[in-house]
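These notes concern the structure reproduced below.
The values are calculated or read from the model by the stated rules, or taken from the named source; none is laboratory data. What you are looking at is a predicted structure, and each value in this text was computed from that prediction instead of being measured. Positions of Cβ are generated from backbone atoms using ideal geometry, with glycine treated the same way; all protein chains shown enter the neighbour counts.
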Amino acid sequence: MSPIDRQAAFSGTKDVSGTLALDAARLEVYLASRLPDFVAPLRVRQFKGGQSNPTYLLETPARRYVLRRKPPGQLLPSAHAVDREFRVISALHAQKFPVAAPLLYCDDASVAGTAFYLMDHVEGRVVWEPHMPDTEPAERAAVYDAMNATLARLHSSDPTALGLSDFGRGDNYVARQVERWSKQYRASETEPIEEMEQLVAWLPAHLPPPAPVSVPPMRTQTLEATQTRPSAHVPSERQSQRSAPGEQGGVVDLPPQAAPKSAAANVSPDPICARSVIRIVGYPCAVFP
């Protein structure tokens, strides 16, 4: 079987598939009554791939919107919570994070068949292959740096300041995720898989400490230009995909006693060193305007 070209297969829109069809006329009436600047007629297309929740492009003579809704049919408990998505996007947009502007949430299933929310459409490029083939190292570095800076800011944010203090429990997170997804797996299981049985048994026995986890300020040593290690600003072909174990591009996390003599020590004031995040999380996958 030949590999799928995900960039070609999943980019753009298509006609709405039958099982996920919307009543465009009913939706048009609803939006006209809720959005002051809405202009009929409404045209509905479906984004091709990559969403657990069906996502649609709504086009009018005046502007474009994106609608995201719960899929129809029987769903697992607490799955496809588009109301939570809308709340998080609303909170992040208010703090000027790079998310599309949220416009409305509707839990009336008679409008679109299931609960949905509407957000602004932002022109951009969806990067389906996170190693970004056919791009120059400098472009990949700029994209990764922008993503890392956003991740760093996000993980440095106080949920209370974002208005999300009651959004979820902060303690024992990993254990709760293991328990939840083990139950979801059991609810979706169609046949025994020995490797999955081993994983379900292994994970609860190897959990991290249950207390809330935060990333403390890191002491970093930035290598001078005379060092042979490539720069983090323009990574090499290998670095732009994934560094070898222990490498952080041009910024290296070392204990003070291990710092090379030619290194200039710098204590980062931020809870997360943005340029180190990419080496922690591995490949990124995001939307870039």
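Quick check on my filter: what residues within region 160-185 are modelled with pLDDT of 90 or more, assigned to a loop (DSSP other than H, G, I, E, B) and surrounded by 13 or more Cβ atoms within 10 Å (Cβ to Cβ)? Result: 162, 163, 164.
Considering only residues that are outside any loop (DSSP other than H, G, I, E, B) and hydroxyl-bearing (Ser, Thr, Tyr), which ones fall in region 186-203? So that I can check it myself, show each step before the final result.
Let us first name the residues in region 186-203 that are outside any loop (DSSP other than H, G, I, E, B), namely 186-188, 194-203.
Passing the criteria: only 188.
When region 53-71 is filtered for residues that are surrounded by 14 or more Cβ atoms within 10 Å (Cβ to Cβ) and either under 28 Å from residue 189 (Cβ atoms) or of a type in the set (A, V, I, L, M, F, W, C) (or both), the ones remaining, listed by number, are 53, 54, 55, 57, 58, 66, 67, 68, 69, 70, 71. All told, residue 114 meets the bar of being within 18 Å of residue 34 (Cα to Cα), polar (S, T, N, Q), surrounded by 13 or more Cβ atoms within 10 Å (Cβ to Cβ) and at pLDDT below 95. Identify all residues within region 25-61 that are touching a residue at least 40 places away in the same chain (Cβ under 8 Å), more than 17 Å from residue 121 (Cβ to Cβ) and within 22 Å of the chain's Cα centre (by Cα); write none if there are none. Of everything in region 25-61, just one residue is touching a residue at least 40 places away in the same chain (Cβ under 8 Å), more than 17 Å from residue 121 (Cβ to Cβ) and within 22 Å of the chain's Cα centre (by Cα), namely 49.
Determine which member of the set 113, 124 is of a type in the set (Gly, Ala, Ser), within 28 Å of residue 146 (Cα to Cα) and touching a strand residue (DSSP E or B) at 6+ places or on another chain (Cβ under 9 Å). Let's see the steps before the verdict.
Details: 113 fails: within 28 Å of residue 146 (Cα to Cα).
Matching residue, one of 113, 124: 124.
How many residues does region 8-24 contain that are over 24 Å from residue 124 (Cα atoms) and charged (D, E, K, R)? Residues in region 8-24 being over 24 Å from residue 124 (Cα atoms) and charged (D, E, K, R): 1 in total. Quick check: anything in region 34-52 loosely packed, with under 13 Cβ neighbours inside 10 Å, of a type outside the set (Asp, Glu) and at positive phi? No, that holds for no residue.
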